[in-house]
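One structure is given below, encoded as C-alpha coordinates.
The values are calculated or read from the model by the stated rules, or taken from the named source; none is laboratory data. Please read all numbers here as calculations on a predicted model, not as lab measurements. FYI the Cβ positions are ideal-geometry reconstructions off the backbone, even for glycines, and counts take in every protein chain you see. Calculation scope for accessible area: heavy atoms of the full protein, side chains included, ligands and nucleic acids excluded. Shrake-Rupley method; radii C 1.70, N 1.55, O 1.52, S 1.80 Å.
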Amino acid sequence: MEHLETHTNQSPILPDSENFTYTDTRVASPDMILLRKNRIVSALTHNVWLESYKMLRTRTLQIMGDKGWNTLAVTSPNSNSGNSLTAVNLAISMAMELDRTVLLVDANFQNPSIHKLLGIKATEGLGDYLLHNKPLSELLVNPSIPRLVVLPAGKPLINSTEMLRSPRMINFVNEVKTRYPSRIIIFDMPPLLTQVDTLSFSPYVDGVLLVVEEGKTQTDDLKHAADLLKETKLLGTVYNKSNTKKIKYNF
(Lines give C-alpha, C1' and ligand atoms only; values in the text may rest on other atoms or scores of the structure.)
Protein backbone atom coordinates (compact mmCIF):
# COMPACT_ATOMS: atom_id res chain seq x y z
CA MET A 1 0.00 0.00 0.00
CA GLU A 2 1.26 3.48 -0.79
CA HIS A 3 0.99 6.22 1.80
CA LEU A 4 -0.66 9.61 1.36
CA GLU A 5 -0.35 12.26 4.15
CA THR A 6 -29.48 16.42 -7.78
CA HIS A 7 -31.58 16.26 -8.78
CA THR A 8 -34.81 14.61 -10.09
CA ASN A 9 -35.51 12.26 -12.98
CA GLN A 10 -32.97 9.61 -12.10
CA SER A 11 -33.05 6.44 -14.18
CA PRO A 12 -34.31 3.17 -12.72
CA ILE A 13 -31.59 1.12 -11.08
CA LEU A 14 -33.29 -2.24 -10.80
CA PRO A 15 -34.04 -4.84 -13.47
CA ASP A 16 -36.86 -3.91 -15.81
CA SER A 17 -38.38 -7.31 -15.07
CA GLU A 18 -39.09 -6.17 -11.52
CA ASN A 19 -41.05 -3.18 -12.87
CA PHE A 20 -39.31 -0.78 -10.51
CA THR A 21 -39.47 2.28 -12.75
CA TYR A 22 -39.96 5.85 -11.67
CA THR A 23 -39.63 9.33 -13.05
CA ASP A 24 -38.99 11.55 -10.03
CA THR A 25 -36.90 11.18 -6.92
CA ARG A 26 -38.06 12.97 -3.80
CA VAL A 27 -35.98 16.08 -3.24
CA ALA A 28 -35.06 17.18 0.28
CA SER A 29 -34.28 20.84 0.83
CA PRO A 30 -30.89 21.28 2.50
CA ASP A 31 -30.48 22.92 5.88
CA MET A 32 -27.09 24.57 5.49
CA ILE A 33 -26.82 25.28 9.21
CA LEU A 34 -27.43 21.61 9.99
CA LEU A 35 -24.94 20.48 7.32
CA ARG A 36 -22.32 22.77 8.80
CA LYS A 37 -23.10 21.55 12.31
CA ASN A 38 -22.83 17.92 11.16
CA ARG A 39 -19.53 18.65 9.36
CA ILE A 40 -20.86 17.84 5.90
CA VAL A 41 -18.11 20.02 4.51
CA SER A 42 -18.22 18.69 0.95
CA ALA A 43 -21.56 20.47 0.51
CA LEU A 44 -20.15 23.78 1.74
CA THR A 45 -17.69 26.22 0.23
CA HIS A 46 -14.64 27.96 1.65
CA ASN A 47 -13.69 25.55 4.40
CA VAL A 48 -10.28 24.15 5.30
CA TRP A 49 -11.37 20.50 4.98
CA LEU A 50 -12.76 20.64 1.46
CA GLU A 51 -9.43 20.00 -0.26
CA SER A 52 -8.81 16.97 1.96
CA TYR A 53 -12.02 15.33 0.79
CA LYS A 54 -11.21 16.25 -2.81
CA MET A 55 -7.88 14.46 -2.40
CA LEU A 56 -9.66 11.44 -0.90
CA ARG A 57 -12.10 11.48 -3.81
CA THR A 58 -9.33 11.72 -6.37
CA ARG A 59 -7.27 8.87 -4.96
CA THR A 60 -10.34 6.69 -4.45
CA LEU A 61 -11.59 7.24 -8.01
CA GLN A 62 -8.12 6.63 -9.42
CA ILE A 63 -7.79 3.27 -7.70
CA MET A 64 -11.37 2.24 -8.45
CA GLY A 65 -10.98 3.29 -12.07
CA ASP A 66 -7.73 1.37 -12.50
CA LYS A 67 -9.37 -1.76 -11.09
CA GLY A 68 -12.69 -1.34 -12.86
CA TRP A 69 -14.55 -0.97 -9.53
CA ASN A 70 -17.72 0.99 -8.91
CA THR A 71 -18.96 -0.28 -5.53
CA LEU A 72 -17.38 0.62 -2.21
CA ALA A 73 -18.17 -0.18 1.41
CA VAL A 74 -17.09 2.30 4.09
CA THR A 75 -16.57 0.95 7.60
CA SER A 76 -14.40 1.29 10.71
CA PRO A 77 -13.05 -1.06 13.37
CA ASN A 78 -15.19 0.46 16.13
CA SER A 79 -18.08 2.87 16.50
CA ASN A 80 -17.78 6.67 16.55
CA SER A 81 -14.78 6.69 14.23
CA GLY A 82 -16.57 8.77 11.63
CA ASN A 83 -17.12 6.28 8.82
CA SER A 84 -20.67 7.54 8.13
CA LEU A 85 -19.44 11.11 7.98
CA THR A 86 -16.62 10.03 5.66
CA ALA A 87 -19.09 8.15 3.44
CA VAL A 88 -21.37 11.19 3.12
CA ASN A 89 -18.57 13.66 2.39
CA LEU A 90 -16.94 11.28 -0.07
CA ALA A 91 -20.25 10.68 -1.88
CA ILE A 92 -20.94 14.41 -2.19
CA SER A 93 -17.42 15.09 -3.39
CA MET A 94 -17.69 12.36 -6.03
CA ALA A 95 -21.07 13.68 -7.18
CA MET A 96 -19.39 17.01 -7.94
CA GLU A 97 -17.54 15.27 -10.76
CA LEU A 98 -19.57 16.21 -13.84
CA ASP A 99 -19.21 12.78 -15.41
CA ARG A 100 -20.28 10.83 -12.33
CA THR A 101 -23.46 9.94 -10.52
CA VAL A 102 -23.44 8.55 -7.01
CA LEU A 103 -25.79 6.32 -5.06
CA LEU A 104 -25.20 6.46 -1.30
CA VAL A 105 -26.77 3.51 0.53
CA ASP A 106 -27.17 3.40 4.29
CA ALA A 107 -26.68 -0.29 5.09
CA ASN A 108 -26.22 0.19 8.84
CA PHE A 109 -29.59 -1.23 9.80
CA GLN A 110 -29.04 -1.20 13.55
CA ASN A 111 -27.79 2.39 13.78
CA PRO A 112 -28.67 4.30 10.60
CA SER A 113 -27.32 7.83 10.45
CA ILE A 114 -27.03 9.01 6.86
CA HIS A 115 -30.46 10.64 6.90
CA LYS A 116 -29.66 12.40 10.17
CA LEU A 117 -26.37 13.78 8.87
CA LEU A 118 -28.07 15.15 5.75
CA GLY A 119 -31.22 16.31 7.52
CA ILE A 120 -33.46 13.99 5.50
CA LYS A 121 -36.80 12.86 6.87
CA ALA A 122 -36.83 9.14 6.15
CA THR A 123 -38.93 6.62 8.02
CA GLU A 124 -38.56 4.02 5.26
CA GLY A 125 -35.61 2.79 3.26
CA LEU A 126 -33.56 -0.21 2.16
CA GLY A 127 -35.07 -2.46 4.83
CA ASP A 128 -38.55 -1.77 3.50
CA TYR A 129 -37.40 -2.63 -0.02
CA LEU A 130 -35.91 -5.93 1.19
CA LEU A 131 -38.70 -6.96 3.54
CA HIS A 132 -41.83 -5.48 2.04
CA ASN A 133 -41.00 -5.03 -1.67
CA LYS A 134 -41.38 -1.28 -1.32
CA PRO A 135 -40.65 0.40 -4.68
CA LEU A 136 -37.38 2.29 -4.81
CA SER A 137 -39.22 5.22 -6.33
CA GLU A 138 -40.75 5.81 -2.91
CA LEU A 139 -37.49 5.39 -0.99
CA LEU A 140 -34.74 7.23 -2.86
CA VAL A 141 -34.03 10.83 -1.91
CA ASN A 142 -32.04 13.55 -3.61
CA PRO A 143 -30.55 15.87 -0.93
CA SER A 144 -30.61 18.83 -3.38
CA ILE A 145 -27.12 17.91 -4.58
CA PRO A 146 -26.87 17.25 -8.33
CA ARG A 147 -25.99 13.69 -9.38
CA LEU A 148 -26.40 12.29 -5.85
CA VAL A 149 -29.18 9.95 -4.70
CA VAL A 150 -29.49 8.57 -1.17
CA LEU A 151 -31.14 5.32 -0.13
CA PRO A 152 -31.76 5.52 3.65
CA ALA A 153 -31.70 2.39 5.78
CA GLY A 154 -35.22 2.81 7.12
CA LYS A 155 -36.30 1.28 10.40
CA PRO A 156 -33.70 -0.67 12.43
CA LEU A 157 -33.68 -4.40 11.68
CA ILE A 158 -32.90 -7.17 14.14
CA ASN A 159 -32.09 -9.65 11.36
CA SER A 160 -29.81 -7.24 9.51
CA THR A 161 -27.11 -9.83 8.74
CA GLU A 162 -29.60 -12.12 7.05
CA MET A 163 -31.10 -9.23 5.08
CA LEU A 164 -27.70 -8.14 3.77
CA ARG A 165 -27.06 -11.67 2.49
CA SER A 166 -30.54 -12.22 1.12
CA PRO A 167 -31.03 -12.98 -2.60
CA ARG A 168 -32.94 -9.73 -3.02
CA MET A 169 -30.04 -7.71 -1.61
CA ILE A 170 -27.48 -9.55 -3.73
CA ASN A 171 -29.61 -8.94 -6.84
CA PHE A 172 -29.84 -5.27 -5.90
CA VAL A 173 -26.05 -4.94 -5.59
CA ASN A 174 -25.40 -6.81 -8.83
CA GLU A 175 -27.88 -4.61 -10.66
CA VAL A 176 -26.50 -1.27 -9.49
CA LYS A 177 -22.97 -2.50 -10.22
CA THR A 178 -23.67 -3.27 -13.85
CA ARG A 179 -26.41 -0.99 -15.14
CA TYR A 180 -24.55 2.35 -15.32
CA PRO A 181 -20.76 2.41 -15.72
CA SER A 182 -20.46 6.04 -14.59
CA ARG A 183 -22.30 5.47 -11.30
CA ILE A 184 -20.41 4.96 -8.05
CA ILE A 185 -22.26 3.13 -5.28
CA ILE A 186 -21.13 3.73 -1.70
CA PHE A 187 -22.45 1.57 1.14
CA ASP A 188 -22.17 2.97 4.65
CA MET A 189 -21.65 -0.07 6.87
CA PRO A 190 -21.61 -0.80 10.64
CA PRO A 191 -18.32 -1.04 12.57
CA LEU A 192 -16.42 -4.17 11.66
CA LEU A 193 -15.64 -5.40 15.18
CA THR A 194 -19.03 -4.81 16.78
CA GLN A 195 -21.35 -6.33 14.14
CA VAL A 196 -20.92 -9.20 11.71
CA ASP A 197 -22.94 -7.37 9.04
CA THR A 198 -19.98 -5.75 7.31
CA LEU A 199 -17.92 -8.91 7.11
CA SER A 200 -20.91 -10.83 5.76
CA PHE A 201 -21.66 -8.20 3.14
CA SER A 202 -18.10 -7.39 2.04
CA PRO A 203 -17.86 -10.16 -0.63
CA TYR A 204 -20.59 -8.42 -2.64
CA VAL A 205 -18.77 -5.10 -3.12
CA ASP A 206 -15.61 -4.36 -5.07
CA GLY A 207 -13.62 -2.90 -2.19
CA VAL A 208 -13.65 -1.59 1.37
CA LEU A 209 -12.48 1.74 2.76
CA LEU A 210 -11.51 1.54 6.44
CA VAL A 211 -11.84 4.63 8.65
CA VAL A 212 -9.72 4.82 11.81
CA GLU A 213 -9.79 7.49 14.50
CA GLU A 214 -6.69 9.25 15.72
CA GLY A 215 -6.04 8.62 19.39
CA LYS A 216 -8.96 6.20 19.74
CA THR A 217 -8.54 3.25 17.37
CA GLN A 218 -6.30 0.76 19.14
CA THR A 219 -3.50 -0.99 17.29
CA ASP A 220 -4.87 -4.41 18.23
CA ASP A 221 -8.30 -3.45 16.90
CA LEU A 222 -6.80 -2.24 13.63
CA LYS A 223 -4.83 -5.48 13.26
CA HIS A 224 -7.95 -7.49 14.05
CA ALA A 225 -9.94 -5.54 11.46
CA ALA A 226 -7.21 -6.03 8.86
CA ASP A 227 -7.15 -9.74 9.61
CA LEU A 228 -10.91 -10.00 9.14
CA LEU A 229 -10.59 -8.21 5.81
CA LYS A 230 -7.70 -10.32 4.54
CA GLU A 231 -9.98 -12.03 2.01
CA THR A 232 -11.48 -8.67 1.02
CA LYS A 233 -10.06 -6.09 -1.34
CA LEU A 234 -9.10 -3.25 1.00
CA LEU A 235 -8.93 -0.04 -0.99
CA GLY A 236 -7.21 1.86 1.83
CA THR A 237 -7.63 3.57 5.17
CA VAL A 238 -8.66 7.05 6.24
CA TYR A 239 -7.04 8.53 9.33
CA ASN A 240 -9.97 10.51 10.74
CA LYS A 241 -10.25 13.22 13.41
CA SER A 242 -6.62 14.09 12.93
CA ASN A 243 -5.21 17.11 14.74
CA THR A 244 -3.52 18.24 11.54
CA LYS A 245 -5.35 20.33 8.98
CA LYS A 246 -5.44 17.57 6.39
CA ILE A 247 -6.98 14.16 6.60
CA LYS A 248 -4.44 11.38 6.21
CA TYR A 249 -4.93 8.38 3.97
CA ASN A 250 -3.20 5.07 3.52
CA PHE A 251 -3.77 3.50 0.10
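Electrostatic tally near LYS134: other residues with Cβ closer than 9 Å to its Cβ, Lys and Arg +1, Asp and Glu -1, net -3.
When the square roots of the Cα gyration tensor eigenvalues are ordered a ≥ b ≥ c, the ratio a/c for the range 59-212 is under 1.5, which makes its shape rounded.
Along the positive direction of the dipole of the range 22-138 (beta-carbon charges: Lys, Arg +1; Asp, Glu -1; about the Cα centre), which of PRO135, MET94, THR71 reaches farthest? Most positive-ward Cα: MET94. With 31 Å as the limit, the listed pairs LYS54/LYS116; LYS155/LYS216; LYS121/LYS177; LYS121/LYS230 have LYS121/LYS230 beyond it between alpha carbons. The calculated FRET efficiency for HIS132 paired with THR178, based on their beta-carbon distance and R0 = 30 Å, is about 0.75. Over the range 127-185, accessible surface divided per residue gives 42 Å², non-protein components excluded, 1.4 Å probe. Rolling a 1.4 Å probe over the protein chains gives GLU51 an accessible area of about 100 Å². What separates the Cα centres of the range 136-175 and the range 51-89 is a distance of 18 Å. Overall, the range 70-182 carries a charge dipole of about 20 debye about its Cα centre when +1 sits on the Cβ of Lys and Arg and -1 on the Cβ of Asp and Glu, all other atoms neutral. Basic side chains Lys and Arg get +1 at the Cβ, acidic Asp and Glu get -1 at the Cβ, and with that the dipole of the range 94-251 about its Cα centre reaches some 380 debye.
To put it simply, the accessible area of the range 116-251 at a 1.4 Å probe is 52 percent carbon and sulfur.
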